[in-house]
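These notes are about the structure you will find just below.
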Amino acid sequence: MIFSWEKIIEEILDKKGKVFLLGESDSGKTTFAKTLVLKAIKDDILVGWVDADIGQSTIGPPTCIGLSLFSPESPEFKISELYFVGNTSPHGRFVPLIMGTKKLVDLACKESDLVVIDTTGAITGAFGQSLKYQKILAFKPDFLLAFQREKELEKIIDSIKNFDFLKIYLMEIPENIRIRTRGERAKNRQEKFKLYFKNSKSYRLSQKNISFYPSFNFLPSKNPDNLIAGLKDSSGEFLALSIFIKQFDDEIEILTPLKNIEKIATIEFGDIRVNQNGEQLEYIPSNY
Ligand SMILES: Nc1ncnc2c1ncn2[C@@H]1O[C@H](COP(=O)(O)OP(=O)(O)OP(=O)(O)O)[C@@H](O)[C@H]1O
Ligand SMILES: [Mg+2]
């Protein structure tokens, strides 16, 4: 049975809980998430939106999972929390992607009655099945909305269909949906990075007080210039995103919108290089 968006939104607003959106790229997941979240805000429901799409991000910059919390007192869109994954695709990044999504879903559950989880369009083969299966087990959604065109989600659905904590709904895909080109997707990522780094400054920091993960000699390419990097404080919490500019003898230079840079304890390198304009310079395929 194929469910119309209106019907399912009505049911979700009534029952609440966790909603997981599953579907390939351009299947309508984000548009559905927006529609559902806006309706929930209108109904004064405490709602959390977890954006685990680290490529075509809605909340925050690419390479990060974002959380936006809404309440009647604070109904406007804002970034409530970010978690650094380090790549615009899940390749080589399953662990931080699943850990981070779980963390933000748990956080959202504490603050909200309804939690909407948007995901990447990575659904193909053993790779897609494994990613979605592990995610679904990690945060046990109540509703699994499958945006399926033909049969592309069959194998994923097969692997989770016996879990009794979730209800699976096959969703209508809007007829006139727009398929975005690779160029449009790249431009969208650039704009998101550009916006994030708009009010950034570059800082030179002493290397001796900072840890690096992975260590410089474990980086897939020996040169760390322009790698996107997450900044963490001493409790391991994400502070902000940065662009690693250069390593000097005793110092490093980074570009970041973070103001209190004295909190930086660890710098976590990602797998893509971007310039200060947000343009992606290189994508480094993961070797693990
Ligand atoms: N009902 C509709 N009519 C026309 N265009 C639509 C409709 N729903 C969505 N779109 C457009 O289709 C495109 C893809 O939709 P959307 O971004 O929701 O897909 P997605 O599944 O989130 O894709 P991705 O996995 O790439 O993030 C968007 O540009 C969106 O604005
Ligand atoms: Mg999307």
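The values are calculated or read from the model by the stated rules, or taken from the named source; none is laboratory data. Because the structure is predicted, anything quoted here is derived from the model rather than measured. Positions of Cβ are backbone-derived with ideal geometry, glycine not excepted, and every protein chain shown enters the neighbour counts.
With the structure loaded, tell me whether Lys155 is over 17 Å from the mean Cα position of the chain (by Cα) and either within 15 Å of ligand 2 (Cβ to nearest atom) or part of a helix (DSSP H, G or I) (or both) or whether it fails that test.
It is true that Lys155 is over 17 Å from the mean Cα position of the chain (by Cα) and either within 15 Å of ligand 2 (Cβ to nearest atom) or part of a helix (DSSP H, G or I) (or both).
Can you tell me which residue is farthest from Leu46 (Cα to Cα) among those in region 76-98 that are assigned to a loop (DSSP other than H, G, I, E, B) and among the hydrophobic types (A, V, I, L, M, F, W, C)?
Going through region 76-98, the residues assigned to a loop (DSSP other than H, G, I, E, B) turn out to be 76-80, 85-93.
If we keep only those that are among the hydrophobic types (A, V, I, L, M, F, W, C) too, we end up with 77, 79, 85.
Values: Phe77: 13, Ile79: 15, Val85: 27 Å.
My answer is Val85.
Residue check, Ile177 against (1) closer than 30 Å to Asp249 by Cβ; (2) among the aliphatic types (A, V, I, L, M); (3) assigned to a loop (DSSP other than H, G, I, E, B), all met but one. Which one?
Condition (1) is where Ile177 drops out.
Which ranges mark the strands (runs of 3 or more DSSP E) fully within region 214-268 that have 1 or more residues being within 18 Å of Ser286 (Cα to Cα) and either at pLDDT below 95 or under 23 Å from the mean Cα position of the chain (by Cα) (or both)?
227-232
So which pairs qualify, if the first residue must be in region 159-172 and of a type in the set (D, E, K, R), the second must be assigned to a strand (DSSP E or B) and surrounded by 14 or more Cβ atoms within 10 Å (Cβ to Cβ), the Cβ gap must be under 9 Å, and the two must be at least 6 apart or on different chains?
Once the first residue is of a type in the set (D, E, K, R) and sits in region 159-172, its partners that are assigned to a strand (DSSP E or B) and surrounded by 14 or more Cβ atoms within 10 Å (Cβ to Cβ) give Lys161/Ile168; Lys167/Phe143; Lys167/Leu144; Glu172/Phe3; Glu172/Phe147.
Only one residue in Ile272, Ile243, Ile210 is surrounded by 13 or more Cβ atoms within 10 Å (Cβ to Cβ), touching a Leu at 6+ places or on another chain (Cβ under 7 Å), aliphatic (A, V, I, L, M) and outside the structural domain of Leu97 (by TED's automatic domain parsing). Which one?
Criteria check complete, one pass: Ile243.
Can you tell me which of (1) within 16 Å of ligand 2 (Cβ to nearest atom); (2) in a helix (DSSP H, G or I); (3) in contact with a Phe, Trp or Tyr (Cβ under 7 Å, 6 or more places away or on another chain); (4) of a type in the set (A, V, I, L, M, F, W, C) is the one Ile136 doesn't meet?
Checking Ile136 against (1) within 16 Å of ligand 2 (Cβ to nearest atom); (2) in a helix (DSSP H, G or I); (3) in contact with a Phe, Trp or Tyr (Cβ under 7 Å, 6 or more places away or on another chain); (4) of a type in the set (A, V, I, L, M, F, W, C), the one that fails is (1).
So which residues in region 44-88 are among the hydroxyl-bearing types (Ser, Thr, Tyr), within 16 Å of ligand 1 (Cβ to nearest atom) and farther than 19 Å from Lys194 by Cα?
Ser68
Exactly one of (1) under 15 Å from Leu21 (Cα atoms); (2) in contact with a helix residue (DSSP H, G or I) (Cβ under 9 Å, 6 or more places away or on another chain) is unmet by Lys140. Its number?
So the condition that Lys140 fails would be (2).
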